[in-house]
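Shown next, in structure tokens, is the structure this report addresses.
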Amino acid sequence: MNICILKEKREDEKRTALIPQDIIKLKKKFPDWNFYIEPSSNRIVRNKEYYNVGCKKYASQKIDLFISVKEVSIRKIKKNQNYLMFSHTIKGQKQNLSLLKKILNNDCSLIDYELFKTKEGNRIIGFGWHAGVVGCYLTLSKKLKIKNILNQKPTINDLISQIKKYQLNDLKILVTGDGQASKGAQYFLKNIGLSNKSSKNKSYFNSFYQIIPPNKFYKRIDKKYNLNDLLKGKGVYESIFDRYLGKYNILLACHFWNEHFPKLFNVKDIDENFFEIIGDITCDINGSIPTTIKSTNLKSPYYKNQNTTIMAVDNLPSALPLETSKYFSNKLLKLLPIIIKSLNQDTIEEYFISKKGYLNYRYLNLLNYLIDG
């Protein structure tokens, strides 16, 4: 079994899916597994560290599974190969339809981290919590008019310590969602000393945050709200988000969104009482946040839309590449044997978007995007 860690396509992506220490653990348990590494000067873990644990340099060897963090370059898609990544295709994202087409046309299997879930539907592996932390930090940095320290390779504690040095007055923060991104944002807010709106403890004058789950900003017309129905597009839903407008100056958008969900607001809702800054941590282009018309990067995180500052970085966890890589690798360590075993089975598990060129029957709705695209 030959496994290769690919070089990330984006130059600003420094994370790695597997760290050398976890490769050692895997090799002890599965001695017939061979690991290869495509050299990269951007990866947070140096090539030499991989070579030191027995990984070989990838050139053109036969590989059974290619691994990356984010989507790979289309040029790297070869015939009859297996790829594991965050492909950003499951929602029919326009920018990656060409990648999905190439995978299908080349009879490849595409496994997506996003599709590994518990019985309750919660993701097993991902960077959502860390995205919440970094997105919250960048949003507050802009509001407080301070220079962020992400270029100094900080830790989470460094980010918290910097924000705590400043006066945190008049921060009225609304956080949407109750998943991992929201929990990461909440962790950051609590650790800089802010209190939930429902709490009696007010650490700073006129500053607080409030968490609202989907049933607090979406309403089903027949009053039979059900999150699973909303996810599947069953029933007619509308946004009731306007009840929060004018009461907060910061919005941290951490909620899951797909095409079945209404948009939170309309551009016409924007007036002088609108949010000063929106940290769109989930960063769905033209998704639930209508002002998110493009993504940004860590070097230039913000832009203006309708007099509101938008933070829409699409690889937030890469600001903490070592911490996030260690966390992610520890999760992947446990999943990889399951993935390897399933590669040549006749079944097609949920975490495959395609298997040997066949689109997973669970995701046949993607055909609509592929045909239109």
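The values are calculated or read from the model by the stated rules, or taken from the named source; none is laboratory data. No experiment lies behind these values; they were computed from the predicted model shown. Here the Cβ positions follow ideal geometry from the backbone for every residue, glycine too, while neighbour counts run over all protein chains shown. Surface accessibility is based on the protein's heavy atoms, side chains included, excluding ligands, DNA and RNA. Shrake-Rupley method; radii C 1.70, N 1.55, O 1.52, S 1.80 Å.
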Within the range 97-108, is there a residue that is modelled with pLDDT under 95 and open to solvent by 70 Å² or more (accessible area, probe 1.4 Å)?
no
Please verify whether the range 277-284 includes one or more residues that are part of a loop (DSSP other than H, G, I, E, B) and surrounded by fewer than 17 Cβ atoms within 10 Å (Cβ to Cβ).
no
Selection within the range 147-196 - under 30 Å from residue 118 (Cα atoms), open to solvent by 20 Å² or more (accessible area, probe 1.4 Å), not acidic (Asp, Glu) and not in a helix (DSSP H, G or I):
155, 179, 196
Among the residues that make up the range 72-79, is at least one of them touching a Cys at 6+ places or on another chain (Cβ under 7 Å), open to solvent by less than 40 Å² (accessible area, probe 1.4 Å) and not in a strand (DSSP E or B)?
yes
Which of the residues spanning the range 80-92 are modelled with pLDDT under 95 and open to solvent by 40 Å² or more (accessible area, probe 1.4 Å)?
88, 91
Regarding the range 6-29, can at least one residue be identified that is crowded, with 19+ Cβ neighbours inside 10 Å, among the β-branched types (Val, Ile, Thr) and out of contact with any Ser or Thr (no Cβ under 8 Å at 6 or more places or on another chain)?
yes
Considering the range 286-323 alone, what residues qualify as being assigned to a strand (DSSP E or B) and not hydrophobic (A, V, I, L, M, F, W, C)?
296, 302, 303, 304, 305, 308, 309
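Test of understanding: among 103, 74, 63, 44, which residue is over 24 Å from the mean Cα position of the chain (by Cα) and in contact (Cβ under 8 Å) with a residue 24 or more places away in the chain?
63
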List the strands (runs of 3 or more DSSP E) that sit entirely inside the range 205-274 and contain at least 2 residues that are closer than 23 Å to residue 92 by Cβ.
237-239
